[in-house]
Each structure stands twice: as structure tokens, then as C-alpha cells.
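Below is one structure, written out as C-alpha cells, with a few remarks after it.
We did not get these values from a lab; they are worked out from the coordinates using the rules stated. Here the structure is a predicted model, which is why all the values come from computation and not from measurement. Because the Cβ atoms are built from the backbone with ideal geometry, glycine has one as well, and the counts that use them run over all protein chains shown.
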Amino acid sequence: MGAFDNWIVQVRKGVLELCILNALAGRECYGYDLVRMLSAVPGLDVTEGTLYPLLSRLRVQGLVQTRLEESPDGPARKYYALSAEGRRNLRLMNRYLDQLVSGCNQIRGKED
Amino acid sequence: MLAWTPEAREEFDAYGRQIRPRLEAEGADPEEVCADLRRHIEQEQSVKGEQLVTAPAVREILLRLGEPEALAAWAEQPPNPIAQKPGDPQEFGSYHIASILFGVILPLGTILIEAFTHMCAEEFFDPIPSWRHLLMVTLVPIGNLLVILSTGGGCIVPRRLLGAASWLAIVISAYYSLLFLPIAPLGVIMIIAYGWGLLPLAPLFSFIVAIMARRRARLACGPLGGFVYGVGLAVALLVAADIPTVMTQSAMGRAVLSPDESTRARAIQFLRKHGSRTVMERECYGRSGDVTALWSRPFFMPVETANARRLYYRVTGEHYARPDAVREWISRGDIFDFDADVAGGELVGPVQKRLALASSRLDGSLAADGAFGYLEWTMEFRNKGEWETEARAQLALPAGGAVTRLTLWVGDREREAVFAGKAETTRAYQQVAVRERRDPVLVTTCGPDQVLMRCSPVPAHGKMKARIGITFPLLIDKPDGAAMAFPRILDRNFEIGADMKHAVWVESRRAIQCKLAAMKPENPKPGLFALRGQLADAELGAPDAALMVQRDNVQVWSPDPVTTGSAIVQRIETRPANTPSMAILVIDGSAAMRDAAAPLADAIARLPEGIPMAAIMAGDKPDIIQPPDTMNKTLLGKVAEEIKKEWCYTGGADNVPALMLAWDIAAGRPGSVIVWIHGPQPIELSPAARLIQAWERRPGAPRLLSLAAMPGGNRLLEELGDRPEVETVPRLGAIGDDMQRLAGRWINPSPILVRERIDRVAQGEEVSSHLARLWALGEARRLAANSKDRRPALELAANYRLVTPLTGAVVLETDAQYQQNNLKAPVAVGIPTVPEPGDWALIALCLGALAIAWFRLREKRCAA
């Protein structure tokens, strides 16, 4: 694994959680759809099997809350939504990331 | 809740046990994750429509969900290239290629092939009879393409739109799959036998691909939705595409079969405004035709073909097989090459697409002082088809004329006709033409100044050549001149190409003129005037093609070719004004008359005052637009205004009720006349039996003068044709001028030709034996009208070689055929030619005189 691949691993580790929280920002999401949506994000390359443990961890941490709803044409559906704690964390994470990217871009601009 | 097989549970539990330690290490709840994964598996199976979760399915899904690892392990994996996006070519596999091939390219290609070749329409039924159907079926490959592309890695359009497109493709392809189901096995057989035949299977393949692609798209994009929009739109399109057919069929049923007259009338009005012409045309050929009719036909009372043809004329005012419509119709495969139903019969029938008039020439000679002419019309037919077929044409003769010669080319030999009773000649023709399939030609009358020519059979990829000779009187409308109109084709079952021209040559010893610029003057010999031209068929029938010839009022005579020692003498007398006691104008309200209405109205406004007159408009119902009254300028102006109303001229009008009404008005007034001003009557809407009965039963009944505004077949005149009370008004100019000419004879003295047979040497100028034939024609008519015994009239007409209502002319191929049919084989004596024998003698005399003059001049010069 080269230096670039190492860097990618680090970025993805930090970003995936942010992606999940952003996906749930402002709306409740059906688990199956959420998994499908995130697994289709280019570059994120997350498998569906990976996301369920992460969602579970976020729920344990209190950042997301879940509810089950019976469905007439299939299995019961599990809906995910941000908790108050999750929304606060998301704000902070987004703000931090924006500042970080902005700073990176400034440096990049100088180098260019 | 889906059921799990024990093996599936075991598979899943093993997986759970394997990942549990890692999940705990990551801080996740193992129970929750396992429950989530279980729901995920059930969801996928549910989307696939499965009711049971099996071990292989669990294994396949878990394998796709990813290695049984937790976040830490995932993060350590090397990433895939970011450039990978849904629908990228990299995502394409054999499934996508096969789906696009069978769900997009095949249906699209099938649609294009059918739209351009009408392959299916010709052989089975028309799957895309209108642009609406074309639009609808084109949506199937488009919908399939959208869904297939979305299975590559996610929706390429909003999911609801994708779902709607998917349902649209499913419903429409299912509909067409059902319609094509009966011929789908044929496609399979063709593929097995020849390796091709996919087209009939295109709807079925499209349907299968649409179903499979939808399932895949649901896996790729999640639930698609769009059921209501997709199915709703598909149903709306099907209804929109099919509703004109259904409405037309329903209205046709009501228009023909309803016992209520007002319902029938309303249905006809509906068809005129909203009816599908294509659907009505198809019914005229007894073909269900388009795709809608396959299922809708059982819901409506069937309309018989004959009724459909009558209805088509009532609605449109056009014949269902009019020549200018045939090409489009052929492209749909609805004209048959072989019209066995009319072969040998009295009907002209529809145009045969591979039978054409290859050449036509008219050679005429006018005896101006004798006020008659003779014209030979040679026609050659070419059959490009695979079947031999009969050529039929209805010809209008110059007014008062008769066919006096008929020739058929058998190989290079010319065979002349025998003239005999109409029944005998017709029977012989049918025996030889229809049963023995040999080469006869038959000419019989089919109305006043009309004949039907039948040539059979024109061989496949071959030609047939025939000639008819017509003897006719010239129309004397002024003391020093006479006029003639060319014969013309009224109705035919062969095509006349746009580049086909009639080669015309007419000559006379008097100066002749024609308004048509295409007719060029010639002066072939001293003292001989000629006009020549290449005339299109429409030009030949146009009033402008009439010829004017100078003449002197002299007594002429001709030896009687039948009775030795007798002569036929003709002199001109002046007949006093023949004012009718009542003139009833019957104006045909058919659509074909629309252009003639204004000039006709102007002519009527200028008719002379003081004549008792009535006027009836023959529309859907007869309408008396002017009750019987003595005409003055005000009333004539009122009639003219009524005639000008354009709304009167819609569809095809049944003229029989209006003529019957006119007959009722005229019957009580001896010396009355019905002037029937009409367009073509290509379809018999109601039988003329009532009219014929009226004329047969009442002596001194009114005369019927037929003034055709334009050339065309006239079934009603055919029916009335043998009645002596029915006459045609010669067309020598604009309809207004001809109307004025007719009215002029009502108020002014007019010249009349009187012919008689005498048993002594006659005084005056000797002319050809055509004069004798014209005398015989008049005499045969007189005999037929005044005696119940038709034999003398028949024998007279046959002896003088005349085609009359009682006689016909037939050419058979061999003498044996004449004997078998109790007919005398024709002899060459007495057969007329152009120029006439008398003219040949005159030309020889002139040449002799010139030779003598030349010798004398030479002698004088030598002496000098």
C-alpha cells in the first residue's frame, strides 16, 4: 500500500461518519435506502455490510435514533434519524471540515 | 415476514457468529446489526418477489454486502477508482448487452421496418396504423433503455420517472405481446428453419426485458414507484390511439344498422366530422385491418362490405377505390391483384395496381357537311402482375354516338368483332374469358352514350391491344359550324400513369379548331385539315377539348350498306322552340359538385324568364329549394343563391329520392323535363327500381336530361340507361355555357338532323356509310321504344354493326369459339376504317387530278 493509499484510508475513516450524519440531516431515512445511497457514493466505496455496524455504533453513541415500522409488502422497515446530539455534532463536524478544506485550498492556491 | 429455510438460518447464524467479536470491538451492537442484516436480506428477497429465504440467497446477498468485517477492516482496504459512476460502460456486462439488444434495438428496428415496409400490415394486421400508435410503441424501447441504464449503478433519472417509464414499457409491450401471440410461434419456426424471424417476437422480448430490467433497477435504485403514472399513461395512450377506430366502428354500425333514421343521419354527420377515413376504407375491403380492430371488432355489429362501401361514399363523397388513393392503400396491402368477384361482370371494380394503360391513340375523321364523324380509339394494356387479369373501362361516347367497330390484336393479327344480341355476346365473352381464359373483348352499353369495354385476360407480364370505332353525329349549334366532344374514360380498373398521354389525330376537309393549346393544327395534304396533340387523360375529358368545325348546310346521302339499292338521306330542318311545360332542376349535393356550384349558379341566374321551373337540392335528404313557379329574375336569383351555399355539398348524396321527387312534380305536367345536374355517382346508394318503374308505367312521362358537371362513373345512369326518356346533355364548354345552350333550345328554334332511307337515287353530296349507321341507330331506338318486340330493333342494330342497349360487340379468338356460342364469325366487308372508303376515293381522285394537271402543264411548257 503506497503513501496515497494510506492517506485515502485515513480520509475515508473520518469522512464516512460525517456522510451518514449528513444523509440523515433534516429527514428520516429508511435503513435499506440509506445503505443503498451511501454505497453508491463515488469514491466512498463502502459496502453495505460495513454500514450496518457503523449505524449501530452511532445509535449506541446516541447520535442517531431508530424506529421500526411494519410494512404491508415486506419486512418491517427501520428508520434512522438524527438525535439532538447528532445534529449538534454534525454542525460542529461540518464547520470543522469546511475550515479545514478552506485552509487546505488556501495553501494549495499559494503553491499553485 | 418472509419464511426462512433451516439451511438459510444456519447460514446466517454462522455469519453472525463470525462477525460478532469484531462488531463488539467496534462498539456496535451485534444483535442490532444481525437484525439489520436479516431485514436487508428479506427486503432484497421481497423486491425479487420471492416468498422464501434460502441458503444460496443468503450466501449470495452476504457475499455482495461485503466481507464479514467491521469498519476497521473496511478502512484498511485499498480504494476503487473514484471515476466509477453508475451507468458507466465499465459497469456493462453481458446482461446489459443482451437487454439493450432485445429490449431496445430489436423493438426499435422492428418499428422502423414496419413503418417503412408495412410488412406485418400486408400479411397479418397493421400494428401501427396511425402516428399515435407509432408514438406509443416507440416509448417501449425508450423506457427499457432508461431502466436498463439505471441497473448499472443507480438511477439516471428521478426514481419516480424511472418507475413510470418502466411500467409504461411493461404495459404497452404486454399489450402488443398478446396481440402478436398468435403469430409468435411462426417467428419461432422461422428462426429454427431459416435463422431469422425475430420481428414477430419483438413485443414479447421487449416485455421480458422490461420485467427483468425493472427488478434489477429496484435492486440498484431501491423501490421505484411510478405505478400510477406509468400504468395510467400507458392506458391513456392505448385509449387515445385506439379511440378513433373504436368510435368510427361504432358510428359505422349505427349509420348502417340503426332502425331509426335520425340516428343513422347523426352517425353519418359524426363520421364526416370525426370518423377515421382509414378505418372506413379498411371496412370497404372487408378487412379488420388495424391493431385495434383485432379486439374491438367483436363488440360491434359487423358492417357488410357492400354497406361499408356505400357508407364510405355517403360520408366522404369519394369512391373507396378512387385511383388517386390506391397507391397509399396498396402500401398497406389492401388491394388484391386478382378481383375474381367482378371478373366478367358488369362492374368496373377497383383499380388493379399492376394493370396500366400503356398506350392510347385516337384517330378521327369528321365529315363536316354530313355532320358526323368517326373515331377509332386504340388502347394497349400492360399487366405487370403475376396473374392474368381483366381490363375494364367505362367510356363516355360523343353524344348520340355508338360503337361501330371493335378490333382485338391476337398476336400480330387483327380480329374484328361480331355484333349480335347483348345477351349472346355477353354470354360468349364470359364463356371464353372467364371459363376458358382465352382472349376475347366485349363492348356493351351501360347508360346513355356510355359503353363498358372488357378485355380479358391481359396476360401476366404481358400486353393486350384493342380498338373501338365510334360513329357519332356532330352537334350543330350554329348554321355554319358544328362541334364534337372526345370520348373519354369515365371509370376504369387500370392505372393511367402521369406521363401517359393520349395521342390524338383528327382530320377533316373543313377547317377545325380546338381551344386546347396542346392540339396543334396540321395541313397534311391540300384540302385536308387536321389537329394533332398529346393529351393527358384529364385534358381529353375536359370541355375545352371540344372541336369546332366549319360546315355548310347541305343535303347529304350515303348508299345503304345493308339494303342494296337504297340510300340514306340527311337534311337539316329547323325545329321550333321546345319549351318544356315545367323544368325541374335536380342539383346533386355531393362534395364533388362544390367547385361547379358557383358557375352553375351564375348560369341559372341568367336563364330565360317565363319558363315554369322548380329546383331540388339532392343532399342527405331531397330539399325543394324552389317550388314550381314561373321564373323571373328574382326567383332565378334566389335559386342561384341557394345553389351557391357551400355547406350543401358534403359527402356523397343519394340522388334517387330527389329524382323521384322531381318525377312526382313533373308527372302531372305533360311535356315537362327533369334536368339532373350532377357529379360522378360511383356508388349506387339506393336502387333506381322506383324510377324505372315510374317511367315504365306512365306513358308520356317527363324526359330526364343528364348534365354531368365532371366526368366520372355513374351507377344510376347505368341503371336508367336503357330508358329512351333519358338523354345526356353534350359537354362542349363550361358548365354555365352548356346550361345556357340547353336553355337556348327551349326558347329558340334549333337545327335538327333528319335522316331517312329512300329506295331511289338521292340528291346532294355523297358521304360515307357512317351516315347509314347513324340512321340505323336512330331507327333501332325508335323501334325499341315503340314496340314490345325487340327483335327488329336488335337485327337492325346487328346488321349495321352497332352497339346499342340491345346489342353488343364481341371479338373471340377462333372461329370455333364463334360457332360454340351460336355467333357468326365476322367478315371483313362493311367494316369501317379511318379515313372512310369514300375519303380514300376522294384522295385518289385528287391525286389523279393533280397528275393530269401536272402532265398538261408539262405539255404546255414543252410546246412553248
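Distance from the alpha carbon centroid of the range A:33-107 to that of the range B:436-480 works out to 94 angstrom.
Using the average count of surrounding beta-carbon atoms within 10 Å as a protection proxy, the listed peptides B:170-183, B:370-383 rank, highest first, as B:370-383, B:170-183.
Quick one: of the DSSP bridges fully inside the protein assembly as shown, what percent are antiparallel, nearest 5? Please list the in-between numbers first.
On the way: 104 of 138 bridges.
For the protein assembly as shown, the DSSP antiparallel bridge percentage is about 75.
Between residue B:621 and residue B:438, the simple label model (points 7 Å from Cα in the Cβ direction) yields a spacing of 5.7 nm.
Using 0.36 nm per residue, how much length does the chain from residue B:192 to residue B:274 gain when fully extended, once their Cα-Cα distance is taken away?
24.9 nm
With the Cα gyration tensor of the range B:655-698 giving a ≥ b ≥ c as the square roots of its eigenvalues, does the rule (a/c under 1.5 for rounded; else a/b larger than b/c for prolate; else oblate) give rounded, prolate or oblate? Because a/c hits 1.5 or more and a/b fails to exceed b/c, the range B:655-698 counts as oblate. Annotation: the residues A:21, B:691, sorted from fewest to most other C-beta atoms within 10 Å of their own C-beta, follow the order A:21, B:691.
Note on residue B:858 and residue B:95: the model spin-label points, each 7 Å out from Cα along the C-beta direction, lie 10.8 nm apart.
Tell me what chain B gives for mean residue ellipticity at 222 nm when only DSSP H runs of n ≥ 4 count, each as -39,500 (n - 2.57), the sum divided by the residue total, rounded to 500 deg cm²/dmol. Don't skip to the end; give the middle numbers.
Working: 29 runs with 368 residues, N = 864.
That comes out to -13500 deg cm²/dmol.
Would you mind checking the pairs B:353/B:463; B:465/B:525; B:465/B:501; B:478/B:525; B:422/B:824 and listing those with alpha carbons more than 19 angstrom apart? Long pairs (Cα-Cα over 19 Å): B:465/B:525; B:478/B:525.
Computed log10 I(q)/I(0) for the protein assembly as shown at 0.05, 0.08 Å⁻¹: -0.52, -0.86, from the Debye equation with unit scatterers placed on every C-alpha and solvent omitted.
The long axis of helix B:30-47 is offset from the longest Cα principal axis of chain B by roughly 20 degrees.
Restricting things to alpha carbons, find the Rg to Rh ratio for the range B:156-288 using the Kirkwood radius for Rh. Each step should come with its number before you reach the end.
Working: Rg = 20.6 Å, Rh = 17.9 Å.
Result for the range B:156-288 is an Rg/Rh of 1.15.
Here residue B:480 and residue B:758 are evaluated by their C-beta separation; at R0 = 25 Å the FRET efficiency comes out at 0.40.
Between residue B:5 and residue B:575, 0.36 nm times their residue separation minus their Cα-Cα distance comes to what? Each step should come with its number before you reach the end.
Working: separation 570, 0.36 × 570 = 205.20 nm, distance 11.36 nm.
The residue B:5-residue B:575 span can extend by a further 193.8 nm.
Estimated from the Cβ-Cβ distance and a Förster radius of 60 angstrom, the FRET efficiency linking residue B:64 and residue B:240 is about 0.90.
Ignoring solvent entirely, what values of log10 I(q)/I(0) come out of the Debye formula for the range B:89-225 at 0.13, 0.15 Å⁻¹ when each Cα is a single scatterer? Log-scaled intensity ratios, in q order: -0.54, -0.70.
Distance between the pseudo-spin-label points of residue B:228 and residue B:17 (7 Å out from Cα toward the beta carbon): 5.0 nm.
Partner shielding of A:32-42 amounts to 5, given as the average count of beta-carbon atoms from other chains within 10 Å of each residue beta-carbon. Going by a ≥ b ≥ c, the root eigenvalues of the Cα gyration tensor, does the range B:577-748 fall in the rounded group (a/c under 1.5), the prolate group (a/b larger than b/c) or the oblate group? The shape class here is rounded. Listed values for the range B:572-579 are Karplus-derived 3J(HN,Hα) couplings in whole Hz (6.51 cos²θ - 1.76 cosθ + 1.60, θ = phi - 60°), namely 9, 10, 9, 9, x, 3, 10, 6, and x replaces Gly and Pro. Fewest-first ordering of B:189, B:41, B:587 by other beta carbons within 10 Å of each residue's beta carbon gives B:189, B:41, B:587.
Pairs of Cα atoms in the range B:355-557 fall into 5 Å distance bins, from 0 up to the last occupied one, in shares of 1, 7, 15, 19, 19, 15, 11, 7, 4, 2, 0, 0 percent.
Solvent-free Debye calculation, one equal scatterer per alpha-carbon of chain B: log10 I(q)/I(0) at 0.10 Å⁻¹ equals -1.13.
For the range B:580-711, give me the percentage of DSSP beta bridges that are antiparallel, rounded to the nearest 5 percent. Intermediate values should be presented prior to the final figure.
Numbers: 6 of 23 bridges.
That works out to approximately 25 percent antiparallel.
Proximity of backbone amide H atoms, modeled 1.01 Å from N, is registered between residue B:726 and B:704 at under 5 Å, excluding neighbours fewer than 5 places apart on the same chain.
Using the Kirkwood radius over Cα pairs, work out the Stokes-Einstein diffusion coefficient for the range B:740-829 at 4 °C and 1.567 mPa s, in µm²/s as a whole number. Intermediate results must be reported in sequence, preceding the final value.
Values: Rh = 16.2 Å.
For the chosen part, D equals 80 µm²/s.
Helix B:131-150 sits at what angle to the longest principal axis of chain B, using alpha carbons and giving 0 to 90 degrees rounded to 10? For helix B:131-150, the angle is close to 20 degrees.
Identify the residues of the range B:749-784 with backbone N under 18 Å of a label point that sits 7 angstrom from the Cα of residue B:727 along the Cα-to-Cβ direction, or state none. Within reach of a label on residue B:727, which here means backbone N under 18 Å from a point 7 Å along Cα→Cβ, the range B:749-784 contributes B:749-756, B:774-784.
Taken as Cα centroids, the range B:752-787 and the range B:497-540 sit 29 Å apart, rounded to the nearest whole angstrom.
Across every pair of non-identical alpha carbons in chain A, the mean reciprocal distance, once inverted, gives a Kirkwood radius of 15.7 Å.
Derived scalar couplings between HN and Hα for the range B:400-415 equal x, x, 8, 6, 10, 8, 8, 10, 10, 8, 10, x, 9, 8, 8, 10 Hz in order, rounded to whole Hz, by the Karplus curve 6.51 cos²θ - 1.76 cosθ + 1.60 (θ = phi - 60°), x for Gly and Pro. Does anything in the range B:637-662 have its amide N under 20 Å from the 7 Å Cα→Cβ label point of residue B:594, and if so which residues? Counting only backbone N, you get B:641-655. Against the compact-protein benchmark of 2.2 N^0.38 Å, the Cα-based radius of gyration of the range B:3-76 scales to 1.11. The ranking of B:759, B:738 from fewest to most other beta carbons within 10 Å of each one's beta carbon is B:759, B:738.
Amide H to amide H distances under 5 Å link residue B:53 with B:3, B:4, B:5, where only residues 5 or more positions off or on other chains count and H is placed in the peptide plane.
By DSSP, what percent of the beta bridges with both residues in chain B are antiparallel, rounded to the nearest 5? Once the DSSP bridges in chain B are tallied, antiparallel ones form about 75 percent.
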